[in-house]
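A short write-up of the structure that comes next.
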Amino acid sequence: MSEKRKQEIHRIKELESINLATEDIREFVIETKKEVEKDNELLANQINNKLKNNGIKSIDIVGAIGAGKTAILEKIAEKISEKYRILVICGDITTRVDADRIEKHNVDTVQINTGRECALNAYHIHQVLKSKDLNDYDLIFVENVGNLICPSEFKLGTDKRITVVSITEGEWVIEKHPMLFKMSDIAVINKIDLLERLGTNLDKMVKDAKNFNPNIEVITISAKTGKNIDLLIEALEL
């Protein structure tokens, strides 16, 4: 085994497997995880190719519970549902609350309940697309399970990824959860209507996102008031 490979495995052990009892179990967990990630990436690439071949734009939106992902999608749908035929795939542990909210804005929705799984993966998206006639859609949004950690493990086959945080999560939230920002095209900082009351350091949040990903576009919005939603739609080239 190469030195680079040993270091890679050692790092994964530190991150995820250190509490497992025996060395042989640790190695099995590591190798299994790598195979799952490899298979997921392969399927995600197939999904992306299929959507592009059907002329469908696709966007994955991730963020913690309460960051405002659903409210943002509602505002976007209000503005563009007459221009695009939209499918929104919602991921949650249980219920279809988000799908019901978004569906009221003249878009088709599918709710995926993941149970104990903390993020959607490419297989979930593949299963939904198998049941749909893609000729019926121009645009697909995937609202991932509310989480700033797990979604970083799985690509979903979309063209773009948005990571949403809000100023109510505090000015350190991006610095504490950098991975998704490194993997995203757009960072949305929501709930700026509360900025004066909370006193959150918005400049730090913007700077942190840019430090982790110099190519990311950062947009500050209020989903509640609709402020800068048009800027987000423009950034998404919609």
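The values are calculated or read from the model by the stated rules, or taken from the named source; none is laboratory data. Model, not experiment: these values are computed from the prediction. FYI the Cβ positions are ideal-geometry reconstructions off the backbone, even for glycines, and counts take in every protein chain you see.
Condition check ((1) hydroxyl-bearing (Ser, Thr, Tyr); (2) part of a helix (DSSP H, G or I); (3) surrounded by 15 or more Cβ atoms within 10 Å (Cβ to Cβ); (4) modelled with pLDDT under 80) across all residues:
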| residue | (1), (2), (3), (4) |
| --- | --- |
| 13 | no, yes, yes, yes |
| 19 | no, no, no, yes |
| 32 | yes, yes, no, yes |
| 44 | no, yes, yes, no |
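Residues in region 211-238 that are surrounded by 17 or more Cβ atoms within 10 Å (Cβ to Cβ) and of a type in the set (S, T, N, Q) were compared, and the one that is nearest to residue 80 (Cα to Cα) is 228. What do you reckon, is residue 142 under 22 Å from residue 112 (Cα atoms) and surrounded by 24 or more Cβ atoms within 10 Å (Cβ to Cβ)? It is true that residue 142 is under 22 Å from residue 112 (Cα atoms) and surrounded by 24 or more Cβ atoms within 10 Å (Cβ to Cβ). Would you mind finding the one in 158, 168, 200 that is in contact (Cβ under 8 Å) with a residue 40 or more places away in the chain, touching a Ser or Thr at 6+ places or on another chain (Cβ under 9 Å) and assigned to a loop (DSSP other than H, G, I, E, B)? Answer to the selection: 158. Within region 217-237, residues that are farther than 14 Å from residue 166 by Cα have Cβ atoms under 9 Å from residues that are in a loop (DSSP other than H, G, I, E, B) and of a type in the set (Asp, Glu) in these pairs: 217/185; 235/185; 236/185, counting only partners at least 6 apart in sequence or on another chain. Do the conditions hold for residue 170, that is, is it surrounded by 15 or more Cβ atoms within 10 Å (Cβ to Cβ), at pLDDT 95 or above, closer than 30 Å to residue 83 by Cα and small (Gly, Ala, Ser)? The answer is no for residue 170. Scan region 131-138 and give yes if some residue there is surrounded by 21 or more Cβ atoms within 10 Å (Cβ to Cβ) and farther than 29 Å from residue 208 by Cβ, otherwise no. Yes, region 131-138 contains at least one residue that is surrounded by 21 or more Cβ atoms within 10 Å (Cβ to Cβ) and farther than 29 Å from residue 208 by Cβ.
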